[in-house]
1. Can you tell me how the range A:75-119 classifies by the Cα gyration tensor, rounded, prolate or oblate, using a/c under 1.5 as the rounded cut?
2. With each pseudo-label sitting 7 Å past Cα toward Cβ, what's the B:TRP189-B:ILE7 distance in nm, one decimal?
3. Starting at the first residue of the range B:51-62, write each ³J(HN,Hα) from the Karplus equation 6.51 cos²θ - 1.76 cosθ + 1.60 with θ = phi - 60°, in whole Hz, x for Gly and Pro.
4. Taking H placed 1.01 Å from N in the peptide plane, check which residues at least 5 places from A:THR54 or on another chain put their amide H under 5 Å from its amide H.
5. Taking H placed 1.01 Å from N in the peptide plane, check which residues at least 5 places from A:LEU31 or on another chain put their amide H under 5 Å from its amide H.
6. For the range B:1-64, which trypsin sites (Lys or Arg not before Pro) pass both filters: DSSP loop (anything but H, G, I, E, B) and at most 15 other C-beta atoms within 10 Å?
7. Taking 0.36 nm per residue of separation and subtracting the Cα-Cα distance, what length does fully extending A:GLN57 through A:GLN6 add?
8. Restrict the search to the range B:164-247; then list the chymotrypsin sites (Phe, Trp or Tyr not before Pro) that DSSP places in a loop and that have at most 14 other Cβ atoms within 10 Å of their Cβ.
Amino acid sequence: MIELKQIRKAFDGREVLKGIDAVFEDGKTNLIIGQSGSGKTVLIKNVVGLYVPTSGQVLYDGRDINAMTKKEKALIHREMGMIFQSAALFDSMSVLENVMFPLDMFSDMNTADRIKRAKYCLSRVNLAGAEDKFPGEISGGMQKRAAIARAIALNPKYLFCDEPNSGLDPKTSIVIDQLIHSITKEYNMTTVVNTHDMNSVMGIGEKIIYLANGVKEWEGTKDQIMSSTNESLNSFIFASDLFRKVKEANH
Amino acid sequence: MYISDSIATFGRYLQLMWRVLALPERWRMFGREYVKEMASLGVDSLGIVVLISFFIGAVICIQIKLNIASPWMPGWTTGYTTREIMLLEFSSSIMCLILAGKVGSNIASEIGTMKVTQQIDALEIMGVNSASFVILPKIAALITMIPFLVIFSALMGFIGAYATSLVGVINVDDVTAGLQHDFNQWYVWMSLIKSLFFAFIISSVSAFYGYTVEGGSFDVGKASTDAVVSSSILILFSDIFLTSMLS
């Protein structure tokens, strides 16, 4: 479980996060939603330790990541997997080498076992056969799937996804969402997904946090979102005609 | 303002180097990257070093023959002067200035692109010391390869000078005598020692500019240019100190 307590983050005196409290539960797909510039990426970077909050605590099973020693921090990072907006695969390595990278760095498996594990992860994300290709040779959707395979290679406890559907077509987005959701259940991970894709919200959002201007405006489930009376949330969620019509039909 | 900015930048450079000069987490991975970088930064630079050194050696020889040689000078002066220029300055300092352009921009743009495409963040999330993993093999590889490049450069300069005699610009016996006249072995060592410092400057300064990029492709391009300019200036300044210390 990850617990955020009064997270504040400022850059050059400008406060981007204004006291966020939240709990991300084990085995659940937790979503952080909000408009571009609402502070989603800054929040997730604070959670994973890429940024240090100006004040507040990020507790991993009760331990504050920012109070950990360098060694403890490195160990907790090895329990994390992250999928970036740009997939962030290493350009100079093949898909297989990318997935093998965390195993090469941190496991004591022999080469044959590492290859076997990497190939299993690739088959889990339906990328068997793309092992020898380089990131530049595969589509955006395949890159995201390769990034998921790399993220799960070490059986992480925590999975973070920063706008995993960005730049993907709706069909591929659904595939990626379902993959993240099923992997979360399979490994009983604590998954946190940053998104502004409403299909993701309706498809996999077990717990949803809505950010607006660096403030947590709303928290609930995908079922509660349809009946929310929060004006800011409604103007964000039902900005598109399609979702407005869905809401009207539900009523 | 400019001075305080420079001091702050130097401080950030030292902080980064403190992280870079940590022991590798996995020697196997370090070894793999080290060999890859030796090929990419060293072996791939051989072509440009050979080409430029050959022609500069030839041109120096021709210029000296045309401008200095006179009946009052011994015939070997041209070959001798060419050898000393190649050994003392060209093969170490000027060749490193050329490499600052080729290798420095390569390092800065590669690391800068890794930064803006979040590959560096991906390493950090995995618990890898990204600075050490990405930069240390480059520094170690360039320092390893630079002596070979310096030796190749000097040799090609001599061959270039010798080639001018084959096309009749200068007497072949004069060049041969000049290249062998009053040889001081220390000049070779001096050239190699200087090049080791320059290799560290090129690789670490370029890596610093790449690693500290914020933004997008425009900023990567700017970092690449800054890396080349800063490396070149530092090479020129340190050349003065190194030459006076080692001479």
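1. Numbers: a/c = 2.37, a/b = 1.22, b/c = 1.94.
Since a/c reaches 1.5 but b/c is at least a/b, the shape of the range A:75-119 is classed as oblate.
2. Here the answer is 3.9 nm between the modelled labels.
3. 4, 5, 5, 4, 6, 5, x, 5, 5, 4, 4, 5
4. It is A:ARG8, A:LYS9, A:ALA10, by chain and number.
5. When sequence neighbours closer than 5 places are left aside, the close amide H contacts are A:VAL193, A:GLU206, A:LYS207, A:ILE208, A:ILE209.
6. Numbers: sites: B:ARG12, B:ARG19, B:ARG26, B:ARG28, B:ARG32, B:LYS36; in loops: B:ARG26.
Filter output for the range B:1-64: B:ARG26.
7. Values: separation 51, 0.36 × 51 = 18.36 nm, distance 0.68 nm.
Taking A:GLN57 through A:GLN6 to full extension adds about 17.7 nm, to one decimal.
8. Values: sites: B:PHE183, B:TRP186, B:TYR187, B:TRP189, B:PHE197, B:PHE198, B:PHE200, B:PHE208, B:TYR209, B:TYR211, B:PHE218, B:PHE237, B:PHE241; in loops: B:PHE183.
Filter output for the range B:164-247: B:PHE183.
Any read-out appearing in this document is the output of simple, stated calculations on the displayed coordinates, not a laboratory observation. This one's a predicted model, so the numbers in the text were calculated from it and none came from an experiment. Every residue, glycine as well, gets a Cβ built from its backbone with ideal geometry; the counts of neighbours run over all protein chains shown.
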